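Down below is the structure, laid out as structure tokens.
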Amino acid sequence: MIRINLTSIHVDDQAKALAFYTDTLGFSKKTDEPVGDARWLTVVSPADPDGVELLLEPNEHPAARAYQEALTADGIPAAQFAVDDVHAEVDRLKALGVEFSQDATDLGPVVTAVLDDTCGNLVQLAALT
Amino acid sequence: MSAEPDPFRAIADPTRRLILDELTESDGQTLFEICSRLTMRHGLTSSRQAVSQHLAVLEQSGLVHTQRRGRYKLHHIDPGPLRAIVQRWLTTGEEPPP
């Protein structure tokens, strides 16, 4: 059976991204190996340490930045993460200084919000209701 | 597309009226949020490009203004042009007969 074990997000600075994705969002560091000037750097959910890994990939390719800027201008998230309670998570993250392009919004079957990951991307939080 | 701002043409379309409804409930939304609301709340499956074109009509009529905040663009409702419509005909201030 095919399954997802790794997915990636482009970041403008891997050290900054690691701090944001662990200290602020709450992921755990899984792998950190040097690859040339960069790192093979992945994080996982502490609720599922053997689950899908998120690769924090340097956005050094010029097309990556253009892609990030165009998505961000229209408010389109580069990734979606599940949380238990979007409203509570938005309150917690705002207290830590995180900026949201979309506040917690009840869309019927799902509550979503969209935050700025400070590394070039918007990220959606979602909870099924 | 007429260069003259035309709120009548802008609000003639039901999708554009829904966009104004959603901006009235929560002002200052990205294109992505507007598309999400139209899809999830109203079952509209308009493409992002179609919604973008609707927003362009609303913007041209003066009913929607866009503003950049940081790296993203937010859409704000401006009911000013509708006030002009009301004042054009509802000038007596009299209540309608029961």
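The values are calculated or read from the model by the stated rules, or taken from the named source; none is laboratory data. Since this is a predicted model, take the numbers as computed values, not measurements. Methodologically, a virtual Cβ is constructed for each residue, glycine included, from the backbone with ideal geometry; neighbour enumeration extends over all protein chains shown. These area figures cover heavy atoms from the full protein model, side chains too; ligands, DNA and RNA do not enter into them. Shrake-Rupley method; radii C 1.70, N 1.55, O 1.52, S 1.80 Å.
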Give the interface area between chains B and A as buried accessible surface, both sides summed, probe 1.4 Å, in Å² to the nearest 100.
-> 1500
Between helix B:31-42 and chain B: long-axis angle, C-alpha atoms, 0 to 90°, nearest 10 = 70
Give me the accessible area per residue for chain A, probe 1.4 Å, as a whole number in Å².
-> 53
With a/c under 1.5 counting as rounded, go ahead and sort segment B:20-66 into rounded, prolate or oblate using the C-alpha gyration tensor (a ≥ b ≥ c being the square roots of the eigenvalues; past the cut-off, prolate if a/b is larger than b/c, else oblate).
-> oblate
What is the distance, in nm, between label points placed 7 Å from the Cα along the Cα-to-Cβ direction at B:LEU44 and at A:VAL35?
-> 4.2
With the full set of protein chains in place, find how many percent of the accessible area of chain B is carbon and sulfur; take the probe as 1.4 Å.
-> 53
Principal-axis tilt of helix A:62-73 within chain A, Cα atoms, nearest 10 degrees = 10
Accessible area drop of at least 50 Å² (1.4 Å probe, protein heavy atoms): which residues of segment A:93-124 qualify, relative to the chain alone?
-> A:SER101, A:GLN102, A:LEU107
Under 1.5 on a/c is rounded, so check that first for segment A:24-129, then, if it is not, pick prolate when a/b is larger than b/c and oblate when it is not; a ≥ b ≥ c are the square roots of the alpha carbon gyration tensor eigenvalues.
-> oblate
Taking only protein heavy atoms into account and a 1.4 Å probe, give the accessible area per residue of chain B in Å².
-> 61
Could you tell me the accessible area of A:ASP23 in Å² (1.4 Å probe, neighbours in place), rounded to the nearest ten?
-> 120
Accessible-area value, B:ILE11, 1.4 Å probe, nucleic acids and ligands omitted, Å² | 50
Most fluctuating of B:GLU22, B:GLU33, B:GLU59 in the GNM of chain B (C-alpha, under 10 Å) is B:GLU33
What percent does the relative contact order of chain A come to when contacts are Cα pairs within less than 8 Å and at least six residues apart?
-> 24
